[in-house]
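What follows is one structure encoded as structure tokens, with my remarks underneath.
Every number in this text was worked out from the coordinates using simple rules, so none of it is lab data. Not measured: the values here are computed from a predicted model. Here Cβ is always computed from backbone atoms with ideal geometry, including for glycine, and neighbour counts include all displayed protein chains.
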Amino acid sequence: MQYTLKKSLGQHFLKDENMCKKITDVIQLALHENKLHHLLEVGPGAGAITKYLLQIPNINCKVVELDEEKINYLEATYSNIQSKIIHQNFLE
């Protein structure tokens, strides 16, 4: 399944896997150090970071996505994400 980059929605996707892993490692450390158990990702796009966030143990991770095409892509690509997607505009 493919998706389209929509600049009208301000979409810019991170593609560097090493950077995604580094970002996720920092997030995981911050969650652990602050004893946090909930995480909200706004605009997961194609899930470059999301796929790693979903692997963090003992964290309730939710994602907010406006773009129906990206939601369909995420659901088709990551089977464990369906109950974690909030389909709405975070800014409203």
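Quick look at the numbers
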| read-out | value |
| --- | --- |
| Estimated dipole of the range 15-87 in Debye, rounded to 20 [Cβ of Lys and Arg +1, of Asp and Glu -1, Cα centre] | 260 |
| Taking the chain and dividing mean pair separation by its residue count, relative contact order in percent (alpha carbons under 8 Å, at least six apart) | 28 |
| In the chain, lysine pairs closer than 20 Å at Cα, eight or more apart or cross-chain | 18 |
| Scattering profile of the chain at q = 0.19, 0.25 Å⁻¹ [log10 I(q)/I(0), Debye over alpha-carbon scatterers] | -0.91, -1.41 |
| Extreme residue, positive dipole direction of the chain, given options LEU36, ILE86, VAL63 (C-beta unit charges) | LEU36 |
| Cα-based helix-to-principal-axis angle, 68-77 vs the chain, degrees rounded to 10 | 60 |
| Ordering of 44-55, 16-27, 64-75 by packing [mean C-beta count within 10 Å, highest first] | 44-55, 64-75, 16-27 |
